[in-house]
Amino acid sequence: MSRTSLSRTLWSRFAVTAAAALLAVAGCSAPGADKDSTGKNSSGPIKIAIIDAQSGQLSSLGAWELKGAKLAVEEWNKAGGISGRQIQLDVFDDQGDPTVGTNLARKIASEGYIAMIGTAESAVTIAMAPILQQNQIPNIASGQSPGMVALKSPFLFLNGPTSTTYDETLAKYIVETKGVKNIAMITNNGSYGKGEHDAFTKALAARSITPVADQVVTTDQKDFSAALTTIRQKNPQIIFLGAEEVESGLIVKQARDLGITATFAGAAPQGTPVFRDTAGVTAVEGTLVSTPYMSNDLNDKTKAFAAAYKAAYNEDAELHGAKAYDGAQILLNALKSSNVATGKALADAIRATKRDGLLGSFAYDGTGVGIFATTIGTITGGKLVPAS
Amino acid sequence: MQIFFQTLIGGVSLGAVYALVALGFSLVYRTMGLVNFSHGNVVMIGAYMASTFYLTAKLPFALATVIAMAVTGLIGVIIERVLRPLENKDFDLMLIGTIGFGIVLEALATLVWGATGRAVPSPVPAAPLDLFGIKVRTYDLVVLAIAAAATALLMLFLQRTKRGAAMQAVAMDHEAATAVGIHVGRSNAIAFVLGAALAALAGSLVGPLLYVSPTMGGTLGIKGFAGAILGGFGSIPGAIAGGIAIGVLDSFAAGHFQGYSELVTFLVFTILIVIRPTGIFGERTVNRA
């Protein structure tokens with residue numbers, strides 16, 4: 001057999017195998033595993049799904065989120081559950097992939113889950129939202145892209161502020177408090193990075209500032225020499241980062257190697273240990289972070305949460321775990337106040353829930369956003385402390 | 001001008017890693033005619049092994065790398081051993097088998113080391129060199145030197161030793177090689193072991209440059225594979241040239257096309273392959289199967 005025809009057969013066979021495998025995956029929603037699968041029935045455990053990346057590049061987000069949500073559910077279960085029923089929290093892995101996410105949305109709808117926690121990736125949440133809306137499953141998501149709000153789904157709620165809030169606070173601090181006008185930007189073209197790019201550019205424009213450099217990178221990029229050298233020539237005082245944890249860390253590490261001494265600034269990803277460790281503690285010194293969760297020592301509530309988190313998982317709590325904990329508490333409180341309602345009634349109950357949580361005071365408006373404030377911190381000696 | 005040279009340097013240093021990955025692809029292909037699709041995942045296992053021995057067991061980086069190469073080489077033996085019954089029977093199955101092994105390795109890494117991944121601090125903490133305003137990381141120079149040394153050693157082995165010559169013979173015509181008494185299975189096993197060890201070398205070198213996680217094999221594997229094809233699949237110098245070319249192409253595309261760089265890189269790659277399907281060193285490509 002000649003090489004070309006061999007490889008052609010090969011690829012066609014590979015395609016057939018792959019298609020078969022996909023069908024198998026799609027079809028294996030455990031037939032008969034759940035007798036009351038259609039039943040949003042009123043006995044037995046209350047079924048809540050948590051969907052997040054448990055594998056792949058974004059799995060650290062998924063792991064933190066699971067830990068936070070689980071902590072809240074265990075607390076309620078220990079206290080006797082809701083209306084005498086235990087809460088069953090089942091984990092599904094979306095691999096950070098919108099296609100997998102939509103499959104899982106159909107799966108939880110057919111298996112009788114009444115609410116969903118996650119995902120931490122805006123793109124996946126946006127892909128799943130129409131299916132969840134159609135099946136009337138309320139979803140408390142952890143992303144921060146304004147794109148989620150734009151969907152106007154009455155079943156989608158955020159457990160934190162959107163990029164608009166993060167970046168408005170950050171721009172205000174940089175421009176008005178610090179008086180810095182010489183600002184460069186480097187963002188990625190993924191869902192998160194795009195949201196950050198637009199929100200920060202808008203916040204700067206409102207203060208009549210145009211960034212001196214506006215570099216866009218891909219989510220998969222590993223070498224940032226070209227973008228960073230361009231930025232270095234403009235000699236900015238502050239460089240805004242709109243990329244996830246690992247990529248941001250690589251950007252800062254390479255920037256320091258290229259002799260860039262400017263301060264970096266960003267939002268949620270820049271406050272995480274993954275960002276710090278990827279770049280190195282000395283490289284991130286002084287980084288400005290816009291965050292709704294400054295530290296575990298903020299007040300009594302955060303201290304209690306951090307202690308419980310440490311006891312359960314033997315690691316320090318951080319923003320994403322805290323957000324997921326708040327989100328899960330809001331959902332559980334709504335379930336309690338509505339006497340385990342489902343569908344639209346549950347969504348309305350979530351919207352009516354007020355919570356004085358770890359991130360601050362939640363009060364949902366019509367857009368599904370419940371909190372509108374962040375504070376600015378600086379990374380000092382590897383730890384996030386309130387900025388002066 | 002400064003941007004041009006800085007971009008070039010960034011591209012070359014990552015390209016050296018792609019070149020090492022491409023070498024492993026090419027070595028197995030020229031010997032067996034098989035594309036080892038698990039190669040990217042073997043790179044990832046190598047990166048985890050090296051970082052574990054370096055960070056957890058606190059061994060020197062060089063020693064950690066050598067141990068990682070040995071352990072990963074063993075994984076190469078296992079993959080070849082499992083797939084050997086298929087050789088000369090069903091080649092397609094063998095190829096699918098390597099894809100399967102890749103998935104298994106990724107799942108295993110998630111089980112053993114967790115899904116979060118880890119950062120590896122640079123073993124060469126010296127400040128970057130400054131050449132007329134162009135910064136050169138000392139670690140990049142180390143990577144380039146090691147990649148060059150590994151290539152030289154591999155060429156020496158293939159051309160100057162009896163076993164290497166036997167592998168060359170199998171690559172040219174495995175039936176004739178069998179006829180003169182060369183053990184084809186053993187030759188294949190050596191190719192897999194060397195390929196896996198090269199993967200581990202690439203993985204351990206890339207750890208401090210990037211971030212070690214169970215999914216890191218994907219991008220590295222694809223870029224390395226593209227490098228091998230561009231250089232002329234199966235050719236050793238081709239793998240080096242192709243790997244570095246992909247790294248440089250990627251860097252310049254990132255500089256000029258920003259968010260669309262990935263698209264441009266592979267578009268250029270496709271055009272180059274259409275113009276010259278055999279790659280840069282194509283005429284030497286071994287054709288088996």
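The values are calculated or read from the model by the stated rules, or taken from the named source; none is laboratory data. This structure is a prediction, so every number in the text was calculated from the model and none was measured. Cβ atoms come from the backbone with ideal geometry, glycine included; neighbour counts cover every protein chain shown. Areas reflect the complete protein model, heavy atoms only, side chains present, ligands, DNA and RNA absent. Shrake-Rupley method; radii C 1.70, N 1.55, O 1.52, S 1.80 Å.
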| task | With respect to residue A:186, determine if the residue is under 24 Å from residue A:273 (Cβ atoms) and away from chain B (no Cβ under 13 Å). | result | no
| said: When you check residue B:269 against the structure, is it under 30 Å from residue B:116 (Cβ atoms), at pLDDT 90 or above and among the aromatic types (Phe, Trp, Tyr), yes or no? | reply: no
| task | Filter the range A:196-210 for residues that are within 14 Å of chain B (Cβ to nearest Cβ) and open to solvent by 10 Å² or more (accessible area, probe 1.4 Å) and give the result. | result | A:197, A:198
| field | Hey, residue A:220 surrounded by fewer than 23 Cβ atoms within 10 Å (Cβ to Cβ), within 14 Å of another protein chain (Cβ to nearest Cβ), without any contact (Cβ under 8 Å) to a residue 40 or more places away in the chain and not small (Gly, Ala, Ser) or not | value | yes
| Flag for residue B:218 being open to solvent by 20 Å² or more (accessible area, probe 1.4 Å), within 30 Å of residue A:224 (Cα to Cα) and within 14 Å of chain A (Cβ to nearest Cβ) | yes
| field | Index of the failed condition, residue A:240 passing every other in (1) within 25 Å of residue A:122 (Cα to Cα); (2) more than 10 Å from chain B (Cβ to nearest Cβ); (3) not in a strand (DSSP E or B) | value | (3)
| request: Go through the residues of the range A:356-369 one by one and say whether even a single one is open to solvent by less than 60 Å² (accessible area, probe 1.4 Å) and part of a strand (DSSP E or B). | output: yes
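Got a sec? Which of A:374, A:353 is within 23 Å of residue A:136 (Cα to Cα), in contact with a Phe, Trp or Tyr (Cβ under 8 Å, 6 or more places away or on another chain), of a type in the set (Ser, Thr, Tyr) and surrounded by 21 or more Cβ atoms within 10 Å (Cβ to Cβ)?
Details: A:374 fails: within 23 Å of residue A:136 (Cα to Cα).
The match here is A:353.
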| Answer residue from the range B:1-58, given it is among the β-branched types (Val, Ile, Thr) and more than 11 Å from chain A (Cβ to nearest Cβ) and is most open to solvent (accessible area, probe 1.4 Å) among those | B:56
| task | Give the number of residues within the range A:52-82 that are open to solvent by 20 Å² or more (accessible area, probe 1.4 Å) and of a type in the set (S, T, N, Q). | result | 4
| note | Of the residues in the range B:35-62, those that are β-branched (Val, Ile, Thr) and more than 17 Å from residue B:75 (Cα to Cα) number 1
| remark: Checking B:131, B:141, B:153 in turn, the sole residue that is closer than 17 Å to residue B:240 by Cβ, within 13 Å of another protein chain (Cβ to nearest Cβ) and either open to solvent by 50 Å² or more (accessible area, probe 1.4 Å) or more than 22 Å from the chain's Cα centre (by Cα) (or both) turns out to be B:141
